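Q: The structure follows.
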Amino acid sequence: MPRRLSLALIGLSVLAFIGLALWPQGDLAAARLFWANGRFSGRGPVMDVVRLIAWYLPFVCLAGFAIAWALARFGLIAARFAPSGRSLAFLALSLALGPGLLVNSFLKEHSHRPRPVQTRDFGGDWTFKPLYKFDGQCRRNCSFVSGETAAAFWTLAPASLAPAPWRPAAMAGALAFGAGVGLMRMAFGGHYLSDVIGAALASLLVVAATRRMLLGRKR
């Protein structure tokens, strides 16, 4: 990922994250945009299918790169059409460390933040908690941060490996995909805006650090 783009995205995410920490009501205001007639607007059979596709897409993407690498190793396709071993390691490690370990195994299991749909503000039984308070009533698989959004923003990793002429479009597509999944999770009542921004920030940091560690300044 280009260094300037990476720093710009991380900087914007940090500023937005700080803003929501200073003004927690912003999370409630954003959630209310998707709340009408006693329900969240995103729920429905069509959106359930869209959510399922979005959930599996990052893993299908990683599997595709792994298959291409294996085919190249056996001489079944040209090496230029497959990632290098280090590139494949970058993709697998960044997905495992970011959406996997940091988000789903640590933050979601220890933040105790109730999801919007679980709070009294939106028909639930629990109390709303700002992003920095880890004393909510949720015990596991909690709201902070969004695992599906983190996985969606991870697609910036494979996008950063696209050939130079296609890389800007690939990066733009990955950003749009991440933002779209984040908005969808908010529309489902599953996450607050700060959960989405936190997920994006977690993936951005892990992808940037892992790429630097395994690929150096390679573009």
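Q: Taking only complete DSSP H runs, can you tell me which helices of the chain stretch 24 Å or more along their own long axis by Cα positions and average at least 0.5 on the Kyte-Doolittle scale?
A: 3-22, 45-73, 167-187, 193-215
Q: Given the peptides 106-112, 130-136, arrange them by the average over their residues of other C-beta atoms within 10 Å, most packed first.
A: Averaged packing, sorted descending, gives the order 106-112, 130-136.
Q: Still on this structure, please answer the following. Compute a Gaussian network model of the chain, connecting alpha carbons closer than 10 Å, and tell me which residue from Met186, Met171, Met47 fluctuates the most.
A: Met47
Q: For Trp126, Trp154, Trp166, Trp69, what's the fewest-to-most ordering of other Cβ within 10 Å of each Cβ?
A: Trp166, Trp126, Trp69, Trp154
Q: How long are the semi-axes of the equivalent ellipsoid of the chain, defined as square roots of 5 times the Cα gyration tensor eigenvalues? Whole Å, largest first.
A: Value: 34, 18, 15 Å, ordered largest first.
Quick note: the coordinates plus some simple rules give every number you see, no bench work behind them. These numbers were taken from a predicted model, which means no experiment stands behind them. Here Cβ is always computed from backbone atoms with ideal geometry, including for glycine, and neighbour counts include all displayed protein chains.
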